[in-house]
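*Asks:* One structure, pasted below without further comment.
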Amino acid sequence: MAQINETAIKTPGVYVNEIPLFPPSVAQVETAIPAFIGHTQKAEDELGESLINKPTKVFSLKEYEQYFGGPENQTDIKVTVQQTTDGSIVSALSAAAELPADKVSKYKMYHSLRLYFANGGGPCYIVSAAATTANITPATLEGGLNALATSDEPTLIVIPDGLSLAKDKYYELIGKAIDQCVLLQDRFTLVDVHSEGTNVTNTINSFRADFTKNDNLNYAAVYYPYLKTTFEYAYADTAVNVVVVTNGTAAAPVKLNTLKTTQTAIYSLCVETINNRLSPTLPPAAAMAGIYARVDGSRGVWKAPANVSVNSVYGLSTNISDAEQGSMNMDATTGKSVNAIRSFQGKGFLVWGARTLAGNDNEWRYVNVRRLFITVEESAKKATLQFVFEPNDANTWVKVRAMLENYLTLLWRQGALAGSKPEHAFYVRCGLNQTMTAQDILDGKLIVEIGMAAVRPAEFIILRFSHKMQES
């Protein structure tokens with residue numbers, strides 16, 4: 001109900017004014033809404049309208065398939081079947097499947113989405129830069145990145161198909177994604193190391209040398225190594241070559257579909273072997289987007305997304321030792337930290353790092369600190385929009401300060417801010433001769449200053465032991 005100006009009442013009657021007693025409040029923005037940029041099998045809505053470079057929100061893998069299709073079929077799978085026969089009786093039957101690494105489809109969007117949802121992901125945005133029939137180029141993916149800048153809700157950027165670009169072009173694209181994060185100040189970029197390597201130290205050193213961007217690195221985090229997933233490749237029976245070796249003699253290759261009715265045992269063995277032995281090895285950024293969402297939902301954005309398991313993974317592309325992780329975690333020369341995913345006996349595969357790319361930055365070293373500030377900044381920004389064009393006087397300043405203090409007190413109670421008392425955990429300042437001069441007020445500026453003591457993770461736990469002399 002609109003408030004009535006009592007001095008303007010001229011007609012006899014009864015007038016009702018509702019008096020607002022509750023103060024204005026801050027509604028916290030969503031913290032883990034990733035946007036995936038890449039090529040998709042299709043890109044159409046229910047009406048057949050194109051979704052190319054139109055950020056589209058989906059809530060499940062099924063909804064992704066409805067708008068953007070499924071995975072690309074692998075076309076170079078080969079199965080070798082070994083059988084031993086005695087007359088017409090088969091005494092032994094085995095098979096091996098292979099798919100050369102350089103023949104794997106370069107389009108990774110679908111399986112990346114599977115990995116995201118398997119690791120706790122929820123709503124996300126899809127930016128289809130082009131169809132999978134088109135070549136992956138820097139300009140195409142940059143077009144998708146530019147389209148994402150118009151969407152306000154996404155808070156994470158993941159570019160799975162960027163790894164199909166040349167190394168320098170991929171890192172240049174990632175640099176532009178980080179620049180977008182800095183410009184909008186409401187999102188964070190997840191980065192993959194471009195190339196796998198057998199030597200961890202050499203691979204990470206190459207990444208630091210090749211990724212030449214050196215500013216605003218606190219808006220991104222890198223994870224390594226790649227993940228061997230439990231997913232199955234998509235393929236067509238008509239494109240799979242099968243070689244049957246009988247008693248040491250190889251027959252001419254045939255297509256898998258020709259065995260479906262004539263040699264059902266061999267056909268079933270081939271299908272089982274392909275599904276069990278061949279699976280995508282994927283970069284970890286998509287899994288980390290899901291883990292961010294999982295940790296945010298269960299604990300909060302202020303909890304470091306580390307020491308949590310990675311799902312739908314049976315192995316890592318390389319195992320990392322303590323010494324190797326030490327050089328990944330800290331680098332005095334470049335300061336570019338790379339977070340490790342490691343295998344632990346009895347615990348599976350755990351995220352074992354929580355640093356931003358700015359690993360030597362005392363202020364923005366940790367992922368959860370950077371993301372907490374992004375969340376509070378964006379939430380406060382949206383909440384204070386209601387005060388635009390309000391009188392720039394003490395009444396408004398009190399309302400703004402109370403609103404923000406209430407919000408930060410709730411965060412402190414949830415454990416997001418450090419301090420035994422609220423005044424130790426944060427402060428909000430707003431007022432003449434505090435944050436504003438008389439000239440600021442004349443210029444229409446209402447300036448609010450917020451300080452927070454963010455909780456930082458216990459990255460190094462040190463237990464000190466000593467001998468104690470016998471006393472009895």
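The values are calculated or read from the model by the stated rules, or taken from the named source; none is laboratory data. None of the values given here were measured: they were computed from a predicted structure. All Cβ positions, even for glycine, are placed from backbone atoms using ideal geometry, and neighbour counts span all protein chains on display.
*Asks:* Among 123, 154, which is the only one that is within 19 Å of residue 287 (Cβ to Cβ), of a type outside the set (Lys, Arg) and surrounded by fewer than 19 Cβ atoms within 10 Å (Cβ to Cβ)? Walk me through how you get there before you give the answer.
*Replies:* Working: 154 fails: surrounded by fewer than 19 Cβ atoms within 10 Å (Cβ to Cβ).
Just one listed residue meets the conditions, 123.
*Asks:* For residues that are surrounded by 21 or more Cβ atoms within 10 Å (Cβ to Cβ), small (Gly, Ala, Ser) and closer than 26 Å to residue 199 by Cβ, tally how many sit in segment 298-319.
*Replies:* Residues flagged as surrounded by 21 or more Cβ atoms within 10 Å (Cβ to Cβ), small (Gly, Ala, Ser) and closer than 26 Å to residue 199 by Cβ within segment 298-319 amount to 1.
*Asks:* Given the conditions (1) assigned by TED's automatic domain parsing to the domain that holds residue 286; (2) at pLDDT 95 or above, which single one is not true for residue 330?
*Replies:* (2)
*Asks:* What number of residues within segment 68-110 satisfy the criterion of being closer than 29 Å to residue 34 by Cβ and either in contact with a strand residue (DSSP E or B) (Cβ under 6 Å, 6 or more places away or on another chain) or assigned to a loop (DSSP other than H, G, I, E, B) (or both)?
*Replies:* Number satisfying all stated conditions: 14.
*Asks:* Residue 248 is checked against (1) surrounded by 18 or more Cβ atoms within 10 Å (Cβ to Cβ); (2) out of contact with any strand residue (DSSP E or B) (no Cβ under 6 Å at 6 or more places or on another chain); (3) closer than 26 Å to residue 100 by Cα and fails just one. What number does that condition carry?
*Replies:* Exception for residue 248: condition (1).
*Asks:* Need the failing condition index for residue 177 against (1) surrounded by 24 or more Cβ atoms within 10 Å (Cβ to Cβ); (2) small (Gly, Ala, Ser); (3) over 23 Å from residue 334 (Cα atoms), just the number.
*Replies:* (3)
*Asks:* Sticking with this structure for a sec: Among the residues of segment 4-48, write down those that are of a type outside the set (Val, Ile, Thr), assigned to a loop (DSSP other than H, G, I, E, B) and surrounded by 10 or more Cβ atoms within 10 Å (Cβ to Cβ).
*Replies:* Listed by number, the residues that qualify are 17, 23, 24, 25, 28, 30, 32, 41, 42, 43, 45.
Residue-wise test of (1) in contact (Cβ under 8 Å) with a residue 24 or more places away in the chain; (2) out of contact with any helix residue (DSSP H, G or I) (no Cβ under 6 Å at 6 or more places or on another chain); (3) in a helix (DSSP H, G or I); (4) of a type in the set (Ser, Thr, Tyr).
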position	(1), (2), (3), (4)
297	yes, yes, yes, no
302	yes, no, no, no
305	yes, no, no, no
311	yes, no, no, no
315	yes, yes, no, no
323	no, yes, yes, no
343	yes, yes, no, yes
346	no, yes, no, no
349	yes, yes, no, no
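*Asks:* Regarding residue 96, is this residue on the phi < 0 side of the Ramachandran plot and exposed (fewer than 14 other Cβ atoms within 10 Å of the Cβ)?
*Replies:* When the stated conditions are applied, residue 96 passes them.
*Asks:* Which residues, counting only those in segment 412-432, are more than 30 Å from residue 445 (Cα to Cα) and of a type in the set (D, E, K, R)?
*Replies:* Within segment 412-432, 413, 421 meet the criteria.
*Asks:* Another question about this same structure. Within segment 443-453, can one find any residue that is among the small types (Gly, Ala, Ser) and touching a Ser or Thr at 6+ places or on another chain (Cβ under 9 Å)? So that I can check it myself, show each step before the final result.
*Replies:* Start the filter on segment 443-453 by keeping residues that are among the small types (Gly, Ala, Ser), which leaves 444, 451, 453.
Pick out the ones that are also touching a Ser or Thr at 6+ places or on another chain (Cβ under 9 Å) and you get none.
Within segment 443-453, none of the residues are among the small types (Gly, Ala, Ser) and touching a Ser or Thr at 6+ places or on another chain (Cβ under 9 Å).
*Asks:* Any idea how many residues of segment 131-167 are touching a His at 6+ places or on another chain (Cβ under 9 Å) and of a type in the set (D, E, K, R)?
*Replies:* 2
*Asks:* Let me ask something else. With the checklist (1) within 14 Å of residue 55 (Cβ to Cβ); (2) buried (at least 20 other Cβ atoms within 10 Å of the Cβ) in hand, flag the one item residue 165 doesn't pass.
*Replies:* (1)
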